[in-house]
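Every number here is computed from the coordinates shown, using simple stated rules; none is lab data. None of the values given here were measured: they were computed from a predicted structure. With ideal geometry, Cβ positions are generated from the backbone for all residues, glycine too; neighbour counts draw on all protein chains shown.
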Amino acid sequence: MAVLRTDRPQRMLAIPGVYAPQQDSHLLMQAIRREGVGPGMDVLDLGTGTGVLALGAARLGARVTAIDVSRRAVLCARVNAALSRRRVMVCRRDLSAIASSFGGRYDVVISNPPYVPTPPAGLLRSGAGRAWNGGHDGRALVDQVCACAANALRPRGVLLMVHSGLCGTETTIDRLTEVGLRARVSDRMLIPFGPVMRSRLAWLRGQGLVDEGQHNEELVVIRAEQP
C-alpha cells in the first residue's frame, strides 16, 4: 500500500491494482475547480480509483457519488473518504448501470477512465493492468463513458473527462455529439511517456499510434454540456 500526496496537503492511500493519482488526475482537478463545482451541486465520478477526484469535488462542497467496478478501488476510495472526513457515497457499479441508476441526477460528471491502448494479450477485466488498460485502441472504457454520461446529466449539466490523445480526441468529441452533448477540448498537457507506455512502445509504433522518435503524449480534458 502506498501513501500518496496530491496537490493539496492531503494524504491518499493507493493499494496495488488501483490507479494512483498522476498528471491526468491533477489536470482534470484543475478543470473541476474552474467549472465552479461547489455547494448545492451533485457530482458523479465514473471510475473513481483512489477517490482523489471525488474527494476533491467534496472538498469544494459538492454532494458526490463515486462508482468503480473494482472492489479494490471501492475499498480504497471508502478508506480515503473516511481518512479525509468527507462524505462521499462510493458504490461498486458497472458503467452499464448508469442509465437506470443515475438518470438525470447530476450537475457534473467526471471521469478519468483507463485509456492506454493495450496489446491483445493485455488484461482488461482483471489484474493490476485493469487500472489503465483501455483495449486495443484505448477506447473500451472511454466509449462507455461517452455512451452513458448524457443519461446521468441534468439539463445544462457538464461532463469532464480526461484521456490520452493517442486514443482519439476527435473520436471522443464525435461520440459525445452523437448522444446530444456539446463537446470540446477544454485543457491540454504534453507529458513524457510513463512506464506503462514505454513498456509497450514497440507495439504502439507497430499500430501506428506513436511515431518513431516520439516520447511524449498529449493529455486532453473533454468538456461536454447537456443542452
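A few remarks follow.
- The stretch 167-212 shape via C-alpha gyration tensor axes, a/c threshold 1.5: prolate
- Karplus (6.51, -1.76, 1.60) ³J(HN,Hα), θ = phi - 60°, over the stretch 68-79, in Hz, Gly and Pro reported as x: 7, 7, 7, 4, 4, 5, 4, 4, 4, 5, 5, 5
- Estimated dipole of the stretch 2-225 in Debye, rounded to 20 [Cβ of Lys and Arg +1, of Asp and Glu -1, Cα centre]: 1040 debye
- Share antiparallel - DSSP beta bridges, the chain, percent rounded to 5: 50 percent
- For the stretch 157-227, the relative contact order comes to 59 percent (Cα pairs under 8 Å, sequence separation of at least 6).
- For residue 104, the residues 5 or more places off, or on other chains, whose built amide H falls under 5 Å of its own are 152, 153.
- Reported to the nearest whole Å, the Cα centre-to-centre distance from the stretch 157-181 to the stretch 62-106 is 22.
- When only Cα pairs below 8 angstrom with a gap of at least 6 residues are kept, the stretch 21-78 shows a relative contact order of 35 percent.
- Interchain or long-range residues, amide H under 5 Å from residue 217's placed H: 191, 193
- Pairs of Cα atoms nearer than 8 Å and 6+ residues apart set the relative contact order; for the chain it is 18 percent.
- Answer label for P(r) over Cα pairs in 5 Å bins from 0, in percent (calculated), chosen among [x] 1, 7, 15, 18, 18, 14, 9, 6, 5, 4, 2, 2, 1, 0, 0; [y] 1, 6, 11, 15, 18, 17, 13, 8, 4, 3, 3, 2, 0; [z] 1, 7, 16, 20, 21, 17, 11, 5, 1, 0: [z]
- Among 35, 212, 170, residue whose mean-square fluctuation peaks in a GNM of the chain (springs only between Cα atoms under 10 Å): 212
- Helical contribution to [θ] at 222 nm, DSSP H n ≥ 4, -39,500 (n - 2.57), averaged over the chain, rounded to 500: -9000 deg cm²/dmol
- Label point at residue 154 placed 7 Å out along Cα→Cβ; residues across the stretch 84-121 whose backbone nitrogen lies under 19 Å: 88-89, 99-111
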